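Trainee: Quick one: this structure, given as structure tokens, is what I'll be asking you about.
The values are calculated or read from the model by the stated rules, or taken from the named source; none is laboratory data. Since this is a predicted model, take the numbers as computed values, not measurements. Cβ atoms come from the backbone with ideal geometry, glycine included; neighbour counts cover every protein chain shown.
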Amino acid sequence: MQEKRITIFSGHYGSGKTNIAVNYALRLREKHEKVAIADIDIVNPYFRTKDSEELLRLHGVRLICSSYANSNVDIPALPAEMYAITDDKSLYGVLDVGGDERGALALGRLAPAIREENNYEMVFVLNKFRPLTRDLDSALTVMKEIEWASGLSFTALINNSNLGAETTEHDVRGSVAFAKEVADAAEIPFWYTTVHESLSSCFAGEEACYRPILLQKRM
Amino acid sequence: MSEKVLMKGNEAIAEAAILAGYRHYFGYPITPQTEIAAYMAKRMPKIGGTFLQAESEVAAINMVYGVSATGKRVMTSSSSPGISLKGEGLSYLAGADLPALVVNVQRGGPGLGGIQPSQSDYFQATKGGAHGDFHMLVLAPASVQEMAELTVKGFALADKYRMTSMILADGTMGQMMEPVSLDFETEQAPEKPWAVTGTKLQRKHNIVNSLFLKPEELERTNFERYERYKYIEENEVMYEEYMMEDAEICIAAFGIAARVSKNAINEARAKGIKVGMIRPITLWPFPTKQFAKAAETVKQFISVELSMGQMIEDVRLAVNGKAPVTLCNRAGGMIPSPEQVLAAIEDAAKKGGN
């Protein structure tokens with residue numbers, strides 16, 4: 001797969017966007033020299049890309065995030081440096097967007113430049129076990145609300161359905177049909193299903209469809 | 001709804017409240033509980049309910065007072081500084097014997113403090129919460145599942161005793177995500193013959209009020225209320241015992257501190273130390289009898305808290321000098337680590353707790 005220059009991860013609050021974005025940035029870095037990930041979450045003061053600061057630094061991925069992330073300063077701040085993602089055409093950029101349409105508002109600021117360059121993917125991260133994206137209608141509603149708020153349209157879907165530490169192989173396999181149904185209804189390609197590292201042995205040989213991901217540390 | 005869902009503690013409270021028949025949300029945003037308001041804002045319009053972001057915490061608690069007077073199930077949620085603002089309203093609810101559910105997802109203090117988890121509103125919650133002689137029922141969840149279940153329980157208790165039930169959670173409990181089953185029994189609200197619903201000229205009008213012109217009458221309401229509190233202390237205590245059968249060291253901890261302590265206890269048990277835990281689920285009424293009974297055999301108590309030591313006073317009162325009670329704590333938004341708790345257990349064991 002030829003990666004687009006900018007890849008945006010958005011979705012329902014708590015769907016696992018940040019985790020997927022960090023994993024995606026690390027994979028990008030295996031192929032490309034200049035990779036940057038920007039955290040433009042203006043909703044949630046916790047569980048930020050900054051949690052993976054050390055991991056990203058070790059792998060040479062540039063982290064762009066508000067200096068207030070993970071601090072007691074609870075204000076919706078954006079880093080000025082985020083414009084590097086759209087301005088510096090020599091890098092591969094990953095955008096980690098805040099949850100729901102409220103979080104996607106911040107993306108609207110970058111949307112004109114992203115549309116103009118037209119070299120991007122916007123990925124909807126879906127977890128069917130989250131309470132407000134459990135059926136087709138509500139998942140599509142969340143997608144539409146994000147598209148309206150951001151001024152960008154989704155181009156792909158990743159299935160990150162999980163129940164945290166209690167996730168079983170059955171849960172993961174059972175979620176694929178729903179994810180495909182959502183992708184089909186939204187008329188966008190279904191990329192793959194993510195599998196947390198603890199379960200990856202159950203999916204040996206199926207990595208194209210079930211991609212193992214690292215879980216970032218939480219507080 | 002038999003399948004589990006992955007929820008944040010705050011979302012679990014909100015969804016459980018809806019299951020308990022709650023249809024009016026009044027609140028004012030504050031981290032780390034804002035997801036409750038955000039969830040209600042999304043859900044209420046879809047189920048014919050009302051979401052209203054009030055202009056302040058003071059306004060929100062007085063809206064709660066008004067809706068409760070009409071007999072509807074009602075709640076509000078906030079975090080530490082916001083609960084202080086609601087204080088006056090909490091006292092008025094008590095004075096008028098109105099049921100309500102109030103959620104406090106605590107953060108570090110005092111003052112504006114910080115947004116990291118804390119348990120330093122224990123005194124405020126369990127010793128009344130504002131001016132005047134009164135108590136609230138205080139429920140302390142230690143998992144996302146309990147956030148949901150105790151919300152439902154809180155509504156039922158509030159209606160039963162015409163009091164405020166407070167969910168005393170903390171930033172970790174509010175923010176953490178765990179699988180939840182929402183497949184549990186919810187009781188419908190009981191008849192409320194005292195509610196202000198219009199007499200239809202068929203009965204004497206009801207009055208909801210906390211102002212008394214005669215001190216004798218005000219005194220009588222206080223004595224009656226404390227009879228009710230006595231009954232609650234006898235009948236509504238909830239707690240969990242963990243590995244207490246042969247314990248010589250007993251940890252007292254609630255909420256997130258109890259989860260950390262469980263890990264430390266498992267490690268200490270692997271080293272042969274006889275340690276267990278009493279986890280109060282109701283902080284008021286406090287499991288005084290359970291601690292007093294444990295004090296007959298336990299040699300040392302350790303109170304593990306995210307505060308400068310507040311619950312420890314209730315543990316000491318219950319233990320009544322029969323054994324030393326020490327504190328293992330962090331404050332200001334910091335959480336004790338399992339290693340810190342384990343060190344406290346090992347220290348107690350060395351001093352002869354084992």
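Trainee: Going through the range A:6-40 one residue at a time, which ones are in a helix (DSSP H, G or I) and either within 11 Å of the chain's Cα centre (by Cα) or under 24 Å from A:Pro76 (Cα atoms) (or both)?
Mentor: From the range A:6-40, those in a helix (DSSP H, G or I) are A:17-31; that's our starting set.
Scanning the range A:6-40 gives A:Lys17, A:Thr18, A:Asn19, A:Ile20, A:Ala21, A:Val22, A:Asn23, A:Tyr24, A:Ala25.
Trainee: Can you find a residue that is more than 30 Å from A:Ser161 (Cα to Cα), within 14 Å of chain A (Cβ to nearest Cβ), in a loop (DSSP other than H, G, I, E, B) and more than 11 Å from the chain's Cα centre (by Cα) anywhere in the range B:90-108?
Mentor: yes
Trainee: Oh, and also: Taking into account only those residues within the range B:70-88 that are crowded, with 24+ Cβ neighbours inside 10 Å, of a type outside the set (Ser, Thr, Tyr) and part of a helix (DSSP H, G or I), which is nearest to the chain's Cα centre (by Cα)?
Mentor: Quick first cut of the range B:70-88, residues crowded, with 24+ Cβ neighbours inside 10 Å only: B:74-80, B:83, B:86.
Filter once more, keeping what is of a type outside the set (Ser, Thr, Tyr): B:74-75, B:83, B:86.
Pick out the ones that are also part of a helix (DSSP H, G or I) and you get B:83, B:86.
On the way: B:Ile83: 12, B:Lys86: 15 Å.
Restricting to residues being crowded, with 24+ Cβ neighbours inside 10 Å, of a type outside the set (Ser, Thr, Tyr) and part of a helix (DSSP H, G or I), the top hit is B:Ile83.
Trainee: Test B:Gly154 against the stated conditions and say whether it is of a type outside the set (Ser, Thr, Tyr), within 14 Å of chain A (Cβ to nearest Cβ) and touching a strand residue (DSSP E or B) at 6+ places or on another chain (Cβ under 8 Å).
Mentor: Working: of a type outside the set (Ser, Thr, Tyr): yes; within 14 Å of chain A (Cβ to nearest Cβ): no; touching a strand residue (DSSP E or B) at 6+ places or on another chain (Cβ under 8 Å): yes.
Criteria not met by B:Gly154.
Trainee: Scanning for something more than 23 Å from B:Met136 (Cβ to Cβ) and within 14 Å of chain A (Cβ to nearest Cβ), does the range B:215-227 turn up at least one residue?
Mentor: No: zero hits.
Trainee: For the range B:336-352, what are the residues that are among the small types (Gly, Ala, Ser) and buried (at least 17 other Cβ atoms within 10 Å of the Cβ)?
Mentor: Within the range B:336-352, the first condition is being among the small types (Gly, Ala, Ser), and the residues that meet it are B:337, B:343-344, B:348-349, B:352.
B:Ala344, B:Ala348, B:Ala349 - these are the residues of the range B:336-352 that are among the small types (Gly, Ala, Ser) and buried (at least 17 other Cβ atoms within 10 Å of the Cβ).
Trainee: Select from the range A:161-175 the residues that are in contact with a strand residue (DSSP E or B) (Cβ under 7 Å, 6 or more places away or on another chain) and closer than 9 Å to A:Val195 by Cβ and list them in ascending order.
Mentor: Of everything in the range A:161-175, those that are in contact with a strand residue (DSSP E or B) (Cβ under 7 Å, 6 or more places away or on another chain) and closer than 9 Å to A:Val195 by Cβ turn out to be A:Asn162, A:Thr167, A:Val172.
Trainee: A further question on this structure: Could you tell me whether B:Thr197 is closer than 20 Å to B:Phe254 by Cβ, in contact (Cβ under 8 Å) with a residue 12 or more places away in the chain, outside the structural domain of B:Glu267 (by TED's automatic domain parsing) and not aliphatic (A, V, I, L, M)?
Mentor: Details: closer than 20 Å to B:Phe254 by Cβ: no; in contact (Cβ under 8 Å) with a residue 12 or more places away in the chain: yes; outside the structural domain of B:Glu267 (by TED's automatic domain parsing): yes; not aliphatic (A, V, I, L, M): yes.
For B:Thr197, the condition - closer than 20 Å to B:Phe254 by Cβ, in contact (Cβ under 8 Å) with a residue 12 or more places away in the chain, outside the structural domain of B:Glu267 (by TED's automatic domain parsing) and not aliphatic (A, V, I, L, M) - is not met.
Trainee: Can I ask one more? Quick one: would you say A:Ser66 is touching a Lys or Arg at 6+ places or on another chain (Cβ under 8 Å), of a type in the set (Ser, Thr, Tyr) and crowded, with 19+ Cβ neighbours inside 10 Å?
Mentor: Details: touching a Lys or Arg at 6+ places or on another chain (Cβ under 8 Å): no; of a type in the set (Ser, Thr, Tyr): yes; crowded, with 19+ Cβ neighbours inside 10 Å: yes.
Judged against the criteria, A:Ser66 is not a match.
Trainee: Among the helices (runs of 4 or more DSSP H) confined wholly to the range A:81-157, which include 2 or more residues that are within 17 Å of the chain's Cα centre (by Cα)?
Mentor: Details: elements: A:83-87, A:100-108, A:111-117, A:136-150.
Correct list: A:100-108, A:111-117, A:136-150.
Trainee: Could you list, in sequence order, all residues of the range A:33-61 that are small (Gly, Ala, Ser) and in contact with a Leu (Cβ under 7 Å, 6 or more places away or on another chain)?
Mentor: We begin by selecting, within the range A:33-61, every residue small (Gly, Ala, Ser); these are A:36, A:38, A:52, A:60.
Those that are small (Gly, Ala, Ser) and in contact with a Leu (Cβ under 7 Å, 6 or more places away or on another chain): A:Ala36, A:Ala38.
Trainee: Can I ask one more? Across the range A:190-201, which residue is surrounded by the most Cβ atoms within 10 Å (Cβ to Cβ) among those that are within 15 Å of A:Lys17 (Cα to Cα) and touching a helix residue (DSSP H, G or I) at 6+ places or on another chain (Cβ under 8 Å)?
Mentor: As a first pass, look at the range A:190-201 and keep what is within 15 Å of A:Lys17 (Cα to Cα): A:191-196.
Now narrow it down to the ones that are touching a helix residue (DSSP H, G or I) at 6+ places or on another chain (Cβ under 8 Å): A:193-195.
Numbers: A:Thr193: 22, A:Thr194: 21, A:Val195: 25.
Looking at the filtered set, the residue picked out is A:Val195.
Trainee: Based on this model, can you work out whether B:Ala37 counts as surrounded by 21 or more Cβ atoms within 10 Å (Cβ to Cβ), assigned to a helix (DSSP H, G or I) and away from chain A (no Cβ under 14 Å)?
Mentor: Considered against the rule, which asks whether it is surrounded by 21 or more Cβ atoms within 10 Å (Cβ to Cβ), assigned to a helix (DSSP H, G or I) and away from chain A (no Cβ under 14 Å), B:Ala37 comes out as no.
Trainee: Here is a list of conditions, (1) over 18 Å from the mean Cα position of the chain (by Cα); (2) surrounded by 13 or more Cβ atoms within 10 Å (Cβ to Cβ); (3) at pLDDT 95 or above, and A:Met219 meets all of them except one; can you say which number that is?
Mentor: Evaluating A:Met219 over (1) over 18 Å from the mean Cα position of the chain (by Cα); (2) surrounded by 13 or more Cβ atoms within 10 Å (Cβ to Cβ); (3) at pLDDT 95 or above leaves (3) as the failure.
Trainee: Could you check, for the range A:170-189, whether at least one of its residues is surrounded by 14 or more Cβ atoms within 10 Å (Cβ to Cβ), within 14 Å of chain B (Cβ to nearest Cβ) and not in a helix (DSSP H, G or I)?
Mentor: The answer is no, given that none of the residues of the range A:170-189 is surrounded by 14 or more Cβ atoms within 10 Å (Cβ to Cβ), within 14 Å of chain B (Cβ to nearest Cβ) and not in a helix (DSSP H, G or I).
Trainee: May I ask you to verify whether A:Gly164 is away from chain B (no Cβ under 12 Å) and either out of contact with any Lys or Arg (no Cβ under 8 Å at 6 or more places or on another chain) or not basic (Lys, Arg) (or both)?
Mentor: On the way: away from chain B (no Cβ under 12 Å): no; either out of contact with any Lys or Arg (no Cβ under 8 Å at 6 or more places or on another chain) or not basic (Lys, Arg) (or both): yes.
Spelling it out, it is not the case that A:Gly164 is away from chain B (no Cβ under 12 Å) and either out of contact with any Lys or Arg (no Cβ under 8 Å at 6 or more places or on another chain) or not basic (Lys, Arg) (or both).
Trainee: May I ask you to verify whether B:Gly82 is within 14 Å of chain A (Cβ to nearest Cβ) and over 19 Å from A:Pro131 (Cα atoms)? First the steps, then the outcome.
Mentor: Values: within 14 Å of chain A (Cβ to nearest Cβ): yes; over 19 Å from A:Pro131 (Cα atoms): yes.
Yes, satisfied.
The rows are residues; the columns are (1) in a helix (DSSP H, G or I); (2) more than 14 Å from chain A (Cβ to nearest Cβ); (3) modelled with pLDDT of 95 or more.
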| position | (1), (2), (3) |
| --- | --- |
| B:Glu15 | yes, no, yes |
| B:Tyr25 | no, yes, no |
| B:Phe51 | no, yes, no |
| B:Glu55 | no, yes, yes |
| B:Val58 | yes, yes, yes |
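Trainee: A follow-up question, please. Give the residue, chosen from A:Leu107, A:Leu126, that is within 30 Å of A:Asp87 (Cα to Cα), touching a residue at least 60 places away in the same chain (Cβ under 8 Å) and in contact with a Phe, Trp or Tyr (Cβ under 9 Å, 6 or more places away or on another chain). Spell out how you get there, then give the answer.
Mentor: Values: A:Leu107 fails: in contact with a Phe, Trp or Tyr (Cβ under 9 Å, 6 or more places away or on another chain).
Just a single option satisfies the conditions, and that option is A:Leu126.
Trainee: Does at least one position in the range A:74-90 carry a residue that is within 13 Å of chain B (Cβ to nearest Cβ), more than 19 Å from B:Met177 (Cα to Cα) and surrounded by fewer than 16 Cβ atoms within 10 Å (Cβ to Cβ)? If you could, list the steps in order and put the result at the bottom.
Mentor: Kept after step one, since they are within 13 Å of chain B (Cβ to nearest Cβ), are these residues of the range A:74-90: A:74-76.
Now restrict to residues that are more than 19 Å from B:Met177 (Cα to Cα): A:74-76.
Still in the list and also surrounded by fewer than 16 Cβ atoms within 10 Å (Cβ to Cβ): A:75.
The answer is yes, given that some residue of the range A:74-90 is within 13 Å of chain B (Cβ to nearest Cβ), more than 19 Å from B:Met177 (Cα to Cα) and surrounded by fewer than 16 Cβ atoms within 10 Å (Cβ to Cβ).
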